[in-house]
1. Based on this model, can you work out whether Arg273 counts as modelled with pLDDT under 85, in contact with a Gly (Cβ under 7 Å, 6 or more places away or on another chain), more than 23 Å from Met40 (Cα to Cα) and open to solvent by 60 Å² or more (accessible area, probe 1.4 Å)?
2. Evaluate the stretch 143-153: report whether one residue or more is among the acidic types (Asp, Glu) and at pLDDT 85 or above.
3. Among the numbered conditions (1) surrounded by 18 or more Cβ atoms within 10 Å (Cβ to Cβ); (2) over 22 Å from Ser102 (Cα atoms); (3) in contact with a Phe, Trp or Tyr (Cβ under 9 Å, 6 or more places away or on another chain), tell me where Gly164 comes up short.
4. For the stretch 128-172, how many residues meet the condition of being charged (D, E, K, R) and closer than 17 Å to Val35 by Cα?
5. Any residue in the stretch 185-207 that is under 16 Å from Ala248 (Cβ atoms) and touching a residue at least 60 places away in the same chain (Cβ under 8 Å)?
6. Among (1) at pLDDT 75 or above; (2) part of a loop (DSSP other than H, G, I, E, B); (3) among the β-branched types (Val, Ile, Thr), which single condition is Thr304 missing?
7. Can you tell me how many residues in the stretch 221-249 are modelled with pLDDT of 75 or more, within 14 Å of the chain's Cα centre (by Cα) and over 19 Å from Ser31 (Cα atoms)?
8. What number of residues within the stretch 43-90 are hydrophobic (A, V, I, L, M, F, W, C), assigned to a helix (DSSP H, G or I) and surrounded by 15 or more Cβ atoms within 10 Å (Cβ to Cβ)?
Amino acid sequence: MNALTPYAFENSAVRVVIGTVIAQLGGYVQSIERVGPKWMLVGLHIAARHPRQASSFAMARSHELPSRFEQMDRDIRENIRRYAGRTDVSAMVHRYSYSAISAFDRLVAVPTWLGAYNKAIEGGMEEAQAIHEADAAVRESQGSGAAKDLAAIQRGRGTAGELGKSLTMFYSFQSANYNRMVDLSWDAGDAWRARKPEMIPELAGRAMMLFVVGPVIAGLISGAWPDDDNEESWTEWALKQSVFNISAPLPFFRDIVPIAVKRGAGDKSFGYRFTPMAGLGDSLANVASDVRKKAQGKETKRATRNALEAAGYATGLVPGQGAATAQFFVDVMSGSAEPQSAKDWWDGVKTGKIEEDKPK
């Protein structure tokens, strides 16, 4: 299919703009490390130039992509399967509440597949082999919630099975991240034992993508910039992001390390939760406290959010983001929050509070 070959890639200035803009989203870093920057840009160029044809081409050949968008993560896959065939409101909310995540995943998975496919074809592989390689590139860079791709701790088997599942909620991408780190360490070991110094630039580039570029981009996008109140430098901030990224694939440590590092450095931080499921107990306790304050005529700070979060944990019908956003608008209408800029509005909608209200 000529429209999907990188025939215009070498002379196209658009590739630089598209590659630069999209790479800022952060999710592409894993693919760049796995496929290589040149071939990832090939995939991005093809997907941007011919989006419909590119998606159809990949979906028609891949054995992974057609089902990926319903099982990109273990918990999403189980949620969709649990409510399959039901048409009531509750089931529809549960089945389609992650549609936006799947849509964004497609923006990464399809270019990754195309890049790996073209790289394999260029390397002399037959089409069947190239398809297998492209499917593997998507799984290994972005993770997968399919049963065959789950790490042992995600499967919920054995005496500590449910404990392992509770520690690995929405873990599939970090499982892939862990495997990329292990692969890099093995390749570095092979280069050392074979005495191949010519591999150092490639290995160093891959390490930069995994341990520096990816975490820094993710931090910038999330808005977790250096803490001015604590006079944190950009270098110190970037180092922390790298440490957080290294701990992210490790159950338990992925939750406790960021909090411990921030508390030790005097940065702003929230409390530790062993698992997101612990939020149900916290929400119910907070609602009880709000009811007591209301009965005593005292002011509450986030009663709306606490009530909606408790309802969300109990029924699954209220997303956490919706609870935070609702609390912000209630605060604005009551006058307890007074956003002064576009940034204040964005922070409020995103986190439920503006900067001056954040805990110190």
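The values are calculated or read from the model by the stated rules, or taken from the named source; none is laboratory data. Bear in mind that the values here come from a model prediction, so they are computed numbers and not experimental data. All Cβ positions, even for glycine, are placed from backbone atoms using ideal geometry, and neighbour counts span all protein chains on display. Each accessible area value is taken on the protein alone, full model and side chains, heavy atoms only, with ligands, DNA and RNA left out. Shrake-Rupley method; radii C 1.70, N 1.55, O 1.52, S 1.80 Å.
1. Details: modelled with pLDDT under 85: yes; in contact with a Gly (Cβ under 7 Å, 6 or more places away or on another chain): yes; more than 23 Å from Met40 (Cα to Cα): yes; open to solvent by 60 Å² or more (accessible area, probe 1.4 Å): yes.
Yes, satisfied.
2. no
3. (3)
4. Our first condition is that a residue be charged (D, E, K, R); within the stretch 128-172, this holds for 133, 135, 139-140, 148-149, 155, 157, 162, 165.
This time we only want the ones that are closer than 17 Å to Val35 by Cα, so: 133, 135, 139-140.
Residues that pass the stated criteria total 4.
5. Within the stretch 185-207 (the criterion being under 16 Å from Ala248 (Cβ atoms) and touching a residue at least 60 places away in the same chain (Cβ under 8 Å)), the answer is no, since none of the residues qualifies.
6. Going through (1) at pLDDT 75 or above; (2) part of a loop (DSSP other than H, G, I, E, B); (3) among the β-branched types (Val, Ile, Thr) one by one, Thr304 breaks only (2).
7. Of the residues in the stretch 221-249, 1 are modelled with pLDDT of 75 or more, within 14 Å of the chain's Cα centre (by Cα) and over 19 Å from Ser31 (Cα atoms).
8. Keep residues of the stretch 43-90 that are hydrophobic (A, V, I, L, M, F, W, C), which gives 44, 46-48, 54, 57-60, 65, 69, 72, 76, 80, 84, 89.
Now narrow it down to the ones that are assigned to a helix (DSSP H, G or I): 44, 46-48, 54, 57-60, 65, 76, 80, 89.
Then drop every residue that is not surrounded by 15 or more Cβ atoms within 10 Å (Cβ to Cβ), which leaves 44, 46-48, 54, 57-59, 65, 76, 80.
Qualifying residue count for the region: 11.
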